[in-house]
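Okay, structure first, notes after.
Values in this text are rule-based calculations from the coordinates and carry no lab data. Here the structure is a predicted model, which is why all the values come from computation and not from measurement. Neighbour counts run over all protein chains shown; Cβ positions are idealised from the backbone, glycine included.
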Amino acid sequence: MPAMFKVTIAAFLVFFSQVALAAPQTQPRLQTYDELLGAIRQTRAASAQRIEALVEQEKVREAWETGKLIDVHVLQHQERAAYGEQVIIRLAKDLGSSETELKYMLQFARTYPIRRPADELSWSHYQTLLSLNDPKEREEVAKEALRKGWNRDQLREEVRRRLARDLPQSKLPEAKPGKTYTYRVVKAAVGPYKDQLALDLGFSTYFQPKEIKKFKKGDIVKWNVRARSPRPGEETSPLQKIPNAADADLFTYHVYVTQVIDGDTFHALIDLGFNIVMMQTLRLRGLDAPEIYTSEGSPGRDIKISPGSPRATGLEGKEAKAFVEAEFSKAGGKILIKTVKSDKYDRYLADVFVDGKYLNEELLEKDLAVAVN
């Protein structure tokens, strides 16, 4: 049982004994030893089922309350970029849990602002339901699961069927990297550069080189990493305006992968230029790969699979992760990303290019992930 879900069974046993004493007693037929043995086994089995049901109720309650605490804390620090992801990583380490489990709890609390009755469905049921984005559809499936008494696997099958019905085309739009060390000149609204020009390096990071006064707001400029700084009186500069530049040229970086979490998520050091390096968690844009089973043995988020695809377990999650790790290893450091925006977990979405190949699309072609909006 995961460490976060350990409960005091002794309290349940006291409760059950009180219920048993209050219930009408009937005398079973116990003339033979075999009848006695069978009756005790039935009693044990019934007790185990009741205990399991109460444990599941407590899992749901603990998951919601944990997610709510994280959500309240993150909202109090929403001005800090990527703070939510940093908190999840730190909590996972200190609590001996997994990042995936904590993210599920956070999503659970956000999806159900008013806590659900704990005896409706199990925690694994709710994890599966979180894959459905439409609240009405989610409620519909939950009621059907209760009415038909679906176990976790039966519910997952229904969710997969519905997700497969709404899957977009299994090919990503064409993507190309922009230009590294290319930035837009902006006017800062807050902070130490307030009302001054600065370079937007991405990831909520800004820099003000000495040459910034040569440019105006909206200019797109290129930093020549090999150029020396100009001497007094010289007009040369390592920072040059790019004629006819466009948004497509921006937010492209060299990265150094430090850890692959699963087929669509990894940690990386990002070279922002100007000798500034930042650690970020990145999510591959436009796709969803299977999760890895957590160290406690529970599966990660449910997998959005294509019709008839067998990819539904942590085994396939390990295959997707291994493929990404191998591609990064072969790249010899030649990895580029182009970031788009951050997702609900404060992870930046990225198109990833490994030695010139578009990694996002390769995962789809090998059936190691599916396209999502």
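Packing, as the average of other Cβ atoms within 10 Å across residues, places the peptides 91-103, 211-223 in the order 91-103, 211-223, highest first.
The phi torsions of region 264-273, fed into the Karplus equation with coefficients 6.51, -1.76 and 1.60 and a -60° offset, translate into couplings of 10, 9, 8, 9, 8, 8, 10, 7, 7, x Hz, rounded to whole numbers, with Gly and Pro shown as x. The packing ranking of peptides 267-276, 141-150, 351-360, highest mean first, is 351-360, 267-276, 141-150, where packing means the average number of other beta carbon atoms within 10 angstrom of each residue. Here each label is just a point 7 Å from Cα along the line to Cβ, and for I89 and K366 those points are 2.5 nm apart. Among the listed pairs K187/K241; K179/K241; K176/K341; K171/K334, those with a Cα-Cα distance over 19 Å are K171/K334. Annotation: the residues D200, D34, sorted from fewest to most other C-beta atoms within 10 Å of their own C-beta, follow the order D34, D200. If R0 is taken as 35 Å, the Cβ-Cβ distance between K210 and E120 corresponds to a FRET efficiency of 0.05. Taking 0.36 nm per residue of separation and subtracting the current Cα-Cα distance, fully stretching the chain between R147 and T32 would add 37.4 nm. Within a straight-line Cα-Cα reach of under 18 Å, K59 can be paired with the following lysines, leaving aside sequence neighbours fewer than 8 residues apart in one chain: K6, K68, K103. Only aspartates and glutamates eight or more places from K338 in sequence, or on another chain, were considered; those with a Cα closer than 15 Å are E174, D200, D247, D249, D264, D271, D351, D355, E361. Placing pseudo-labels 7 Å out from each Cα toward the beta carbon at Q49 and A189 gives an inter-label distance of 5.9 nm. Taking Lys and Arg as +1 and Asp and Glu as -1, the other residues whose beta-carbon sits under 12 Å from that of L197 total +4. Once R0 is set to 22 Å, what does the formula 1/(1 + (r/R0)^6) return for the Cβ-Cβ distance between T258 and R80, expressed as a FRET efficiency to the nearest 0.05? Using R0 = 22 Å, I get an efficiency of 0.55.
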